[in-house]
Amino acid sequence: MVTNRKNFYLKSFIIFLILISFSFVTGCGFLQHISSLTVKPSLPIDSAKSDKDKNNNGNTKVIVHKNKKSNRDQANNSHKFDKDKADNNGHTNHNDRFDKIDNENRNPRIDNNSVVNNKDNHDDVDNSRTNNKDNADNNSDTDNSNVGNKDMMDSNKNIKDNTIDDKDNNNEDMDQTNKSADSDKVEAKPAAKVIHSSENKELKKVAITFDDGPDEYFTPQVLDILKEYNVKATFFIVGSLASKNKDVLKRIDQEGHVVASHGWSHSNFTKISDKKIIQELQKTNELIEEVIGKPTSLFRLPYGAFNKRVLNTVAKQGYHNIYWSIDPRDWSGISSKEILDNIKKNLEPGAIILLHSSGSKKSIPNTVKALPQIIEYLQEQGYEIVTIPELLEDYLMVNSTPN
């Protein structure tokens, strides 16, 4: 039995040797197949191979860098060769401040071999250019942002300018509206009546008027006082006196006062004919227009005398009959105090005060003396001293078109 067991082992060993021999002859990995029957890992790990691959990758990078360096050297040699060639041909050398990219852009004589050999180099340059382009695009975006900000600033400026322009236009429109409103007003048709004062009692306005001038003595004194206080008045002039004192008449107008008519000879209109009335009015108005360049439609009756016939005749000639509401009788020779007291007693808004700038040498000096006191009192009471056209504007001027 022992012999049989030995024979079994011997046969098995011979078979094993035959299999091994067969494996080597046929190239089959029989042993590997046998070992795989015992151990079968999920992932094949070959640390030696992995390390080898790492080394190979490192070597590859070194080789790539060496190749790039070699390419750069070849490009530099090529540029140097071209540069030397250009120098030999008599061209001017480039300055050393030009770098490799500048040389490539400036040197057109790179042969095909140089271009092929410098492919990697050009790739680097292209990448650099791409990066530069991206940076440039970013800068462009920044510039566009700045442009946008500038546009916004310009827009704000335009809005501001437009706002300023709109404001100016509104002011101009208001001015034009006011001018248009003024242009729509025309002088009212004179009525056959006398006007004693303004009907507007809410505004504290008053008008100072002077009759019987101008002369060369008292009237200039009156003008001096008015100028000192910056007050404007209305002068109802006598034509015959004004014709002898045209320079004083002109001064009245130049200093901002209003020139009106008091007839030519200071005649009582109730005692003269219509024809004579018309002559008195026309002759005086022609003189006024000759001296100051503009006519007047304001008239005051000499002595304040009138009747229905006189009122109708004056109105038909286009004159408004301006009367008064306060007559301190300064022409009578009363004192300056009595003149002032009379005005204080009768003063009210819209009043028309009657004074004289020419006349008796016994009376008019008291008028001149009282005038500063009158002005100061009116101003202390809060009154504004205005001309007849300003005081009676609502009556003298009407709208040209009905509402």
- Task: Write out, first by first residue and then by second, each pair whose Cβ atoms fall under 6 Å of each other, whose residues are 6+ apart or on separate chains, and whose first residue, in region 348-372, is at negative phi while the second is of a type in the set (G, A, S) and not in a loop (DSSP other than H, G, I, E, B).
- Result: I352/A207; N366/S336; K369/S336; A370/S336
- Within the set of pairs 6 or more residues apart or between chains, which connect a residue that is on the phi < 0 side of the Ramachandran plot inside region 246-259 to a residue that is among the hydroxyl-bearing types (S, T, Y) and part of a helix (DSSP H, G or I) with Cβ atoms less than 6 Å apart? V248/T219
- So which residues in region 217-262 are of a type in the set (D, E), in a helix (DSSP H, G or I) and within 45 Å of the chain's Cα centre (by Cα), if there are any at all? D224, E228, D253
- Residue by residue through region 354-375, note down the ones that are within 15 Å of A233 (Cα to Cα) and assigned to a helix (DSSP H, G or I). T367, V368, L371, P372, I374, I375
- Message: Checking E289 against (1) in contact with a Gly (Cβ under 9 Å, 6 or more places away or on another chain); (2) loosely packed, with under 14 Cβ neighbours inside 10 Å, only one condition comes out false. Which one?
- Response: (1)
- Go through region 241-261 residue by residue and tally those that are acidic (D, E) and either in contact with a Gly (Cβ under 7 Å, 6 or more places away or on another chain) or surrounded by fewer than 16 Cβ atoms within 10 Å (Cβ to Cβ) (or both). 2
- Selection count where residues are under 30 Å from L347 (Cβ atoms) and in contact with a helix residue (DSSP H, G or I) (Cβ under 6 Å, 6 or more places away or on another chain), scope region 271-297: 1
- Task: Run down S357, S297, S335, S325 and say which single residue is surrounded by fewer than 15 Cβ atoms within 10 Å (Cβ to Cβ) and of a type in the set (S, T, Y).
- Result: S335
- Message: I'd like the full set of residues that are under 39 Å from the mean Cα position of the chain (by Cα) and assigned to a loop (DSSP other than H, G, I, E, B), limited to region 183-203.
- Response: D184, L203
- Message: Residue pairs, Cβ under 6 Å, 6 or more apart or interchain, first in region 297-315 and within 15 Å of S261 (Cβ to Cβ) and of a type outside the set (A, V, I, L, M, F, W, C), second in a helix (DSSP H, G or I) and at pLDDT 95 or above. List them.
- Response: T313/D274; T313/I277
- Query: If you take the residues of region 326-356 that are of a type in the set (A, V, I, L, M, F, W, C) and in contact with a Gly (Cβ under 9 Å, 6 or more places away or on another chain), which of them is nearest to E390 (Cα to Cα)?
  - Reply: L354
- Query: Which members of region 262-286 meet the condition of being small (G, A, S), more than 23 Å from L396 (Cα to Cα) and surrounded by 14 or more Cβ atoms within 10 Å (Cβ to Cβ)?
  - Reply: S265, S267
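The values are calculated or read from the model by the stated rules, or taken from the named source; none is laboratory data. Quantities reported herein were computed from a predicted structural model and do not represent experimental measurements. Methodologically, a virtual Cβ is constructed for each residue, glycine included, from the backbone with ideal geometry; neighbour enumeration extends over all protein chains shown.
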